[in-house]
Amino acid sequence: MDQSAPDTLYKSDIKSLAEGVEIHLYRKAVPSAGEIMKETDNQPNPLWQEIPRKQASPSFPLSANTHNLAPTGELEVMSCDLGDFYDLSTVGEYYVEMTFDSGKLKFAGGTSNYLQFLIK
């Protein structure tokens, strides 16, 4: 079935995300020499620490403008610079993911796949 998709989830002029959309950034804490940290399935990995945002920016309500999206169709609704939201000056291994509140967005909910990257 076709689905109605929003025009955008990000406004670059005000560096703001749509209501119900959040970006989460994590950095890997590197253990000191000789320190061993075991991962378990029952507990979150203690190596990854969530990075706080630089400052909270107001979110905006979704526009009534939408696109009709076919089952295998694609539509870019967001492209942003993580540096607008987070301090990326620390060297390390990072991952970013997004969460979507289905109560506010009406078209999707849950957590995106994550993207992992390295800053040297």
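Of the residues Glu50, Glu93, Glu22, Glu97, only one is surrounded by fewer than 11 Cβ atoms within 10 Å (Cβ to Cβ), at pLDDT 90 or above and in a strand (DSSP E or B); which? Spell out how you get there, then give the answer.
Values: Glu93 fails: surrounded by fewer than 11 Cβ atoms within 10 Å (Cβ to Cβ); Glu22 fails: surrounded by fewer than 11 Cβ atoms within 10 Å (Cβ to Cβ); Glu97 fails: surrounded by fewer than 11 Cβ atoms within 10 Å (Cβ to Cβ).
Answer to the selection: Glu50.
Please name all residue pairs, on different chains or six or more residues apart, with Cβ atoms under 8 Å, provided the first residue is in the stretch 101-116 and is in contact (Cβ under 8 Å) with a residue 40 or more places away in the chain and more than 18 Å from Met1 (Cβ to Cβ) and the second residue is part of a loop (DSSP other than H, G, I, E, B) and among the charged types (D, E, K, R).
Once the first residue is in contact (Cβ under 8 Å) with a residue 40 or more places away in the chain and more than 18 Å from Met1 (Cβ to Cβ) and sits in the stretch 101-116, its partners that are part of a loop (DSSP other than H, G, I, E, B) and among the charged types (D, E, K, R) give Asp101/Glu19; Lys104/Glu19.
Which one is nearest to His24 (Cα to Cα) among residues in the stretch 74-100 that are free of Cβ contacts under 8 Å to residues at least 24 places away in the same chain and among the small types (Gly, Ala, Ser)? So that I can check it myself, show each step before the final result.
Here is the first cut: in the stretch 74-100, the residues free of Cβ contacts under 8 Å to residues at least 24 places away in the same chain are 74, 76, 81, 83, 89.
Those left that are additionally among the small types (Gly, Ala, Ser): 83, 89.
On the way: Gly83: 13, Ser89: 17 Å.
Ranking the qualifying residues of the stretch 74-100, first place goes to Gly83.
The values are calculated or read from the model by the stated rules, or taken from the named source; none is laboratory data. This structure is a prediction, so every number in the text was calculated from the model and none was measured. Reconstructed Cβ throughout: ideal geometry from the backbone, glycine too, with neighbour counts over all protein chains shown.
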